[in-house]
Amino acid sequence: MAAGINSKHLFSEAKRLFPGGVNSPVRAFKSVGGDPLFISRAKGAYLWDADDRRYTDYVGSWGPAILGHAHPEVVAVVQAAAERGFSFGAPTANENLLAQEIQKAMPAMEKLRFVSSGTEACMSAIRLARASTSRSKIVKFAGHYHGHADMLLAQAGSGLATLSLPDCAGVPAAAVADTLVLPFNDVASLEQLFKEQGEQLACVIIEPIAGNVGFIRPVPGYLEELRRLCTQYGVVLIFDEVMTGFRVARGGMQALTGIVPDLCTLGKVIGGGLPLAAYGGRQELMDLVAPLGPVYQAGTLSGNPLATACGLKTLQLLAEPGVYEVLAQRTRSLVRGLVARAHAQDLPLSGDSEGGMFAVYFRSEPVLNFADAQQSQVLSYASYFHGMLSQGVYLAPSAFEAGFVSLAHTDADVQHTFAAAEAVFASMRASSSSFSSARK
Ligand SMILES: *Cc1c(COP(=O)(O)O)cnc(C)c1O
């Protein structure tokens, strides 16, 4: 279904107000074509657009909506918090409670600091790593996204992968001069870099599952080797779990792998949909942060009372036993079902998931890194995306983004998604065979 009349009208107005009509580039349908839907409300697993059409939502606000939208218990605590005042610029009890809730799931977060976005969290963690090591070089991986701080906009994923921008205009060469970019999942290049420059590296920042180019897990032993090298060379290991934290498992990838990072960044789920993120880790590192130490970092709205109320209730509801098993099972069956239905129509599709996070690629071979992901058929993704949208299924408008299942998605929702996929894959096959016969 193309955007309805109300979405079209709002978008033409928005294009006069905002660059590209949006306030974050991934919201535009640039890589799949067409106009974005304007969303008017959401409840549970569903979104409604400005034309009052309902969609099953697999974007989940790009990660936060793990309970489904507008969970009644979360709505109640946010309303109650609003009655008590929006922001005080002074400490509150809920900040302690939320921090303790995070620590229970992630013991590596010995001390933490709340900020308002994942961008801020990653930027601040790197500043701290540089301060603690008195070194300036940082290492990131191609296709991994850590927010839009200048120094991290070198071969980043998310909107940048989608738009195929090798870098970002406006970032001075000096800002990325100390940013080294490695291919993900390549042990040899990692070992070589440490051998040559290990003593000059302040930190390595990594998405322990690459989620901003879809879903790419680390090859066995990769994170272990990274941990070993960082320890050997005194390099701060930063797990960017903004997406994976409380999403692939309660304790994120650090819980699933048992690997303890020196610092960790969180966002998305921990705010439950309101702006809240965090960085934290080893106490002796965190004690370098102001006002205790010399590393300055601040925020007018950091630890905002509405956001901490929302995040705390979200994490409390996620602490119920069995929650992640249900989520993982539902997500796994979604991916398997999609792959099987594509194969039934001779379309190449592969996919993977962990907890409530997944992606599919139009490619038969496994995807191990950014270069592999870019080999997938982007045009097929665009047909799939628009086909599914017309069947009432809202997917990320890009071939290089993870998808998210929430606890509000039922088996019936997944079955509806399968029925939609059957129709879409059949028509994709029909148009691809008419295309190839037309060429003959
Ligand atoms: C979303 C994301 C960020 C950036 O978070 P924002 O809140 O959008 O600034 C950083 N790292 C990862 C892994 C992310 O998925």
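The values are calculated or read from the model by the stated rules, or taken from the named source; none is laboratory data. Keep in mind the model is a prediction, meaning the values are calculated, not measured. As a convention, Cβ positions derive from the backbone with ideal geometry for all residues, glycine included, and neighbour counts pool all protein chains shown. Protein only, heavy atoms only, side chains kept; ligands, DNA and RNA dropped before computing areas. Shrake-Rupley method; radii C 1.70, N 1.55, O 1.52, S 1.80 Å.
Summary of values
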{"quantity": "Debye intensity ratio in log₁₀ form over the Cα atoms of segment 1-126, taken at each q of 0.13 Å⁻¹", "calculated": "-0.81"}
{"quantity": "Long-range amide H partners of Ala359 with built H, under 5 Å", "calculated": "Asp352, Gly403"}
{"quantity": "Residue-averaged 222 nm ellipticity for the chain, from DSSP H runs of 4+ at -39500 (n - 2.57), nearest 500", "calculated": "-12500 deg cm²/dmol"}
{"quantity": "Whole-angstrom Cα spans of segment 65-158 along principal axes, big to small", "calculated": "46, 29, 26"}
{"quantity": "DSSP-loop chymotrypsin sites (Phe, Trp or Tyr not before Pro) across segment 282-387, with at most 16 other Cβ within 10 angstrom", "calculated": "Tyr296"}
{"quantity": "Dipole in debye (nearest 20) - segment 217-284, about Cα centre, beta carbon charges: Lys, Arg +1; Asp, Glu -1", "calculated": "220 debye"}
{"quantity": "Where only C-alpha atoms are counted, convex hull volume of segment 356-432 per residue in Å³", "calculated": "98 Å³"}
{"quantity": "Antiparallel DSSP beta bridges within the chain, percent to nearest 5", "calculated": "55 percent"}
{"quantity": "Distant-in-sequence amide H partners of Leu180 (H built 1.01 Å from N, under 5 Å)", "calculated": "Ile138, Val139, Lys140"}
{"quantity": "Segment 201-313 - convex hull of alpha carbons, volume per residue in Å³", "calculated": "123 Å³"}
{"quantity": "For the chain, diffusion coefficient by Stokes-Einstein and Kirkwood Rh (Cα), 25 °C, 0.890 mPa s, µm²/s", "calculated": "109 µm²/s"}
{"quantity": "Part-to-part distance (alpha-carbon centres) for segment 195-269 and segment 398-432, which is given in Å", "calculated": "30 Å"}
{"quantity": "Protein accessible area in segment 104-246, 1.4 Å probe - carbon and sulfur %", "calculated": "54 percent"}
{"quantity": "Accessible area per residue in Å² at 1.4 Å probe, computed on the chain", "calculated": "42 Å²"}
{"quantity": "The chain: DSSP helices with Cα axial extent of at least 27 Å and average Kyte-Doolittle hydropathy no lower than 0.0", "calculated": "323-344, 411-439"}
{"quantity": "Quarter of the Cα convex hull surface for segment 90-246, i.e. its orientation-mean projected area (nm²)", "calculated": "10.2 nm²"}
{"quantity": "Met106, Met151, reordered so the largest accessible area comes first (probe 1.4 Å)", "calculated": "Met151, Met106"}
{"quantity": "Segments 75-83, 395-403 sorted - mean Cβ within 10 Å per residue, highest first", "calculated": "395-403, 75-83"}
{"quantity": "Convex hull of segment 315-412 built on C-alpha atoms - directionally averaged projected area, nm²", "calculated": "7.0 nm²"}
{"quantity": "Isotropic mean projected area of the C-alpha convex hull, segment 279-349 (nm²)", "calculated": "9.0 nm²"}
{"quantity": "Dipole of the chain, positive end: most advanced residue of Gly299, Ser132, His9 [Cβ charges, Cα centre]", "calculated": "His9"}
{"quantity": "The chain - charge dipole about Cα centre, Lys and Arg +1 at Cβ, Asp and Glu -1, debye rounded to 20", "calculated": "620 debye"}
{"quantity": "D (Stokes-Einstein, µm²/s), Kirkwood Cα radius, segment 251-297, 0.890 mPa s at 25 °C", "calculated": "201 µm²/s"}
{"quantity": "Positive-end extreme of charge dipole, segment 143-284 - chosen from Leu180, Pro275, Gly234 (charges on Cβ)", "calculated": "Pro275"}
{"quantity": "Share of pairwise Cα separations in segment 257-381, more than 21 Å, in percent", "calculated": "62 percent"}
